[in-house]
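S.K.: Just passing along the structure, written as structure tokens.
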Amino acid sequence: MAATWRGNTYLLASFPVGIATFVFLVTGISIGIGLAIVWVGVPILMAMLAASRWLARFERRRAAIVLGAPIPTSYLTPHRRGILGWLHTAIADAATWKDLLWLGILLPALGLAGFTIAVCSWGAGLGLLVLPAWYRAVGGTGVDLGALNVNTLDEAWIGIPFGLVVLTITVPLTRGLGLGLAQLARVLLAPSERRRVAELERTRAGAVDSQAAELQRIERDLHDGAQARLVALAMDLGMAQEKLDSDPAGARALVAGAHGEAKRALAELRDLSRGIYPAILTDRGLGPALSSIAARNPVEVALDVNVDGRLPAATEAAAYFVVVEALTNVAKHSGAEHCRVRIVHRRDRLALEVSDDGEGGADAGGAGLAGLRQRVEALDGTLAVAEAHPGTTIRAELPCAS
């Protein structure tokens, strides 16, 4: 029964929603195209494209209620920075045109057809079911049903079984129409299989490249940093051992130097370990692992982790490394005094946000953030960088399905 009500509600709401989106989009796009020659129309067109994506997300949520499953979203990433780069990519994206096709043509037309069928079917069935009361309400003067006139109370009572038949047909009919309209919305608004395969290939290749780059970084840092310091440490200790009897003062100086080298080697190994899966994350989970990182960060960090229980290992690892890399960038480059990390677990998604009050200017296409984006996208997540005043905000969403 719940499926019937959901289908009918979706069917009845599609007509007014479709008309509203049609009028809004056609008016806005027409004005934008008309004024594009004097550049005034460019921001209008951008606003309409952004609005169409928002409306498409709204339609995905409406259809998901009927279908019982979310509809994924996939748009092309702008190939170059700036407003015109975003506009060019949005216009070249097939998903944009499928959104406009659904919002501007199919939803109003099919919404009108479904609305008409639902209203007429339910109206006819319920009208026949209450026909005797209707007949008495008009004072026995007869009821005109278009092709059928009811002139006596006995004829009105005969309408009840016909009303039951009509309602029996109406229930599966309107439920099926609502489900069919939602399925058509999913066909148009969900990414195609080719797009999905290409996206998966890209994100998996990015994950492989990210892991390879991380291994190369670890190998390079070990060879050029900690390994070199440990070699120097061994040489200093060897020289100190030779001078222990003949030159005690020189031996003590060499030992002191070796002690400093040992401290620096430990510091480099500690910095290097941020790219390796930490034991505390495995043992105690995301909250305690991030608390230990926040406590050591030079910038004051306000940590808010709202997670119920343990998450899938891959999700925890990706969230951990996003936060660690973001905090490292804040400490090195932002000049911030305060930083806030907020992590919330909602149903099957983990949302995290790292914001600071620094100078801003983060390069979304830089190597560091590109590596984080590849790590997140490998799990079918998303990562975005937003410039605030002041500071920078990094937002990521990760799936939490087991």
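The values are calculated or read from the model by the stated rules, or taken from the named source; none is laboratory data. Keep in mind that what you see is a predicted model, and the values were worked out from it rather than measured. When we count neighbours, we look across all protein chains shown, and the Cβ atoms used for this are built from the backbone with ideal geometry, even at glycine. Surface areas here come from the heavy atoms of the whole protein model, side chains and all, with no ligands, DNA or RNA. Shrake-Rupley method; radii C 1.70, N 1.55, O 1.52, S 1.80 Å.
S.K.: Quick one: accessible surface of Tyr135, probe radius 1.4 Å, all protein chains present, in square angstrom to the nearest 10.
M.R.: Approximately 30 Å² for this residue.
S.K.: Name the lysines eligible as straight-distance cross-link partners of Lys243: C-alpha to C-alpha under 24 Å, and not fewer than 8 places from it in the same chain.
M.R.: Lys263
S.K.: Now a separate question. At what distance in angstrom do the alpha carbon centres of the stretch 6-42 and the stretch 107-139 lie from each other?
M.R.: Each part's Cα centre sits 29 Å from the other's.
S.K.: With a 1.4 Å probe and all protein chains in place, put Ile71, Ile280 in order of accessible area, largest first.
M.R.: Values: Ile71 20, Ile280 50 Å².
Most to least solvent-accessible, the answer reads Ile280, Ile71.
S.K.: How big is the accessible area of Phe15 in square angstrom, nearest 10, if you roll a 1.4 angstrom probe over the protein chains?
M.R.: Using a 1.4 Å probe on the heavy atoms, I get roughly 50 Å².
S.K.: Once the whole set of protein chains is in place, how much accessible area is left on Glu397, using a 1.4 Å probe, in Å² to the nearest 10?
M.R.: 80
S.K.: For Ala51, what charge total do you get from the other residues with a beta carbon under 12 Å from its beta carbon, if Lys and Arg give +1 and Asp and Glu give -1?
M.R.: Residues near Ala51 contribute +1 overall.
S.K.: Residues with beta-carbon under 12 Å from that of Leu254, excluding Leu254: net charge, scoring Lys, Arg +1 and Asp, Glu -1?
M.R.: Surrounding charge for Leu254 is -2.
S.K.: Right, another one. Step through the residues of the stretch 112-123 one at a time and calculate ³J(HN,Hα) from phi using the Karplus curve (6.51 cos²θ - 1.76 cosθ + 1.60, θ = phi - 60°), rounding each to whole Hz and writing x for Gly and Pro.
M.R.: 4, 4, x, 4, 4, 5, 5, 5, 5, 5, 5, x
S.K.: Continuing with this model, one more query. Arrange the residues Met1, Met235, Met46 by how much accessible surface each exposes, largest first, with a 1.4 angstrom probe.
M.R.: Greatest to least solvent exposure: Met1, Met235, Met46.
S.K.: Local charge sum around Arg346 (other residues, Cβ-Cβ under 11 Å, Lys/Arg +1, Asp/Glu -1)? Working shown, then result.
M.R.: Numbers: positive: Arg347, Arg349; negative: Asp308, Asp348, Glu397.
Once all neighbours under 11 Å are counted, the net charge is -1.
S.K.: If DNA, RNA and ligands are ignored and the probe is 1.4 Å, what is the ranking of Asp283, Asp99 by accessible area, most exposed first?
M.R.: Output order, biggest surface exposure first: Asp283, Asp99.
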